[in-house]
Amino acid sequence: MAAIRSAARAVPSLLLALFDHLGIDPGRIEETLTVLATRSEAVRTTLVTGCAPMWEAPCDEAHDGLPCRRHKALWAATQAGISDCRLGPWNVETQRRQPLLLSPPYTATLSAVPPADMLVSRLAMPIACTAAARGIACLASQSAALLPVLMDSHRTATDHWMTQGYGGYHDAERELVARALITLAAQGSPEHLTAHLTTFAANANALQQLLRDLTILFTYDAQLRTLLPAVWPLALKTVLDALDAGACLHGNGHWSDYAIAALLPAPQVRTADPNPDDSLNRARRDWLGPHALDELADRWIVLARGEPKAADAVAQFARTTSYTWQCTTGLTWLERIIEGRYDAFANHCWYVTYWLTELRETATLETSALSQWRRVVDGLAAAGDRRAVDLQRIDE
């Protein structure tokens, strides 16, 4: 597996002008890339990374609407990755559903695949590569035609499988799609992101997963993080508008509280991160400012009232802001979320009491802010929150 992934990372670079002197047959490179594009999801994800330099390379000849020599192999591999994304019927011998190959043109055959037959993980690599190909002159028309079909198939299939309780694929593949949604929205094509969010506004599991994937990317990628002010208010407004129009998050089991909390962005870490505190601290330094949310924050608070996870979201978001904001607006947001229902929040919040401890130990609270702080702490303690009881002893 390691050798195959190494090949997936390296082989696309052989198409760069730097290696033309080697005289490698482009047909052999295309054949190799096509094979790699139909291997495991891990290999396909690595192939996306390997192809990245090629999407920056100019066409090397007049293309007349056809892929040029330099990009032809990449486009063939991208389409090969679509060919096995359909699941066939149940196979008694193998005890699983085997892929059923699609034939080109994929703009027609892919759109005809029912969501219940879609192998969503196989769409990640083609989506990432097709989105990147939009900037290549010889592939502009082909990618513009294929991308909406890929995105629609991903949206409807994810909606289906998340309703069934299946995530469908791993973080690396999901993040390829999330990155494409962010980039496209920032480049003036927000319709793919808004379509996903509008559909997922009635599927809390799918919504919370997508929002988490977005925040993970914003946490770890400093360049993407500069797009937060352009992307997140759009995402939040899209979901709130869909909910106002009648979508219901509460019809998908217990995921609604996760989805509501995830609407307020805060840095998140990957489980395999060896230095999570460092990652969080870097992201917090230039995170989304509260002013970017404007009146959307009030709309979100109305939705989030009574949700302990939303209170934790406020605490996490507050740690990306100034102490002045935390001691004023931040505490006010928290009180509005709790709404006096301390019994519902006691021992159900982790980040709230941690934030309140940090706030009292590192900031000098004005009289009004100190009154708010004590009101929240006393309310939680009276409802039996053990950590809040410890906080009360600060004044002793």
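Laid out as a table, the results:
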read-out	value
Cβ-derived FRET efficiency at R0 22 Å, D20 paired with T49, nearest 0.05	0.50
Area projected by the alpha carbon convex hull of the stretch 323-396, averaged over all directions, nm²	4.3 nm²
Neighbourhood charge, 14 Å Cβ-Cβ cut-off, centred on L380 and excluding it, Lys, Arg +1 and Asp, Glu -1	0
Among R39, R179, R97, residue whose mean-square fluctuation peaks in a GNM of the chain (springs only between Cα atoms under 10 Å)	R97
The stretch 106-121 versus the stretch 18-90: alpha-carbon centroid distance in Å	21 Å
Model label zone, D221; criterion: amide N under 11 Å from point 7 Å along Cα-to-beta-carbon; scope the stretch 146-180	175-180
For the chain: relative contact order, % (alpha-carbon pairs under 8 angstrom, 6 or more apart)	9 percent
For the stretch 170-304, alpha-carbon Rg over 2.2 N^0.38 Å	1.00
Tilt relative to the chain, helix 191-200 - C-alpha long axis, 0 to 90 degrees, to 10	60 degrees
Helix-only [θ]222 nm of the chain, DSSP H runs n ≥ 4, -39500 (n - 2.57) each, per residue, nearest 500	-17500 deg cm²/dmol
The stretch 234-293-the stretch 131-178 distance, computed between alpha-carbon centres (Å)	21 Å
Assigned charges on the beta-carbon of Lys, Arg, Asp, Glu; the stretch 323-396 dipole about Cα centre (debye)	120 debye
Inter-label distance, nm, simple model (7 Å from Cα along the C-beta direction), A145/Q392	7.1 nm
Three-way shape label, the stretch 171-224, alpha-carbon gyration tensor, a/c 1.5	oblate
Reduced Cα scattering model of the chain, Debye log10 I(q)/I(0), q = 0.09, 0.12, 0.13, 0.14 Å⁻¹	-0.62, -0.96, -1.07, -1.18
R305-D117 FRET efficiency (beta carbon distance; Förster radius 41 Å; 0.05 resolution)	0.50
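A short reminder: the numbers here are calculations on the coordinates, not readings from a lab. The structure presented is a predicted model; accordingly, all values stated were derived computationally and were not measured. Reconstructed Cβ throughout: ideal geometry from the backbone, glycine too, with neighbour counts over all protein chains shown.
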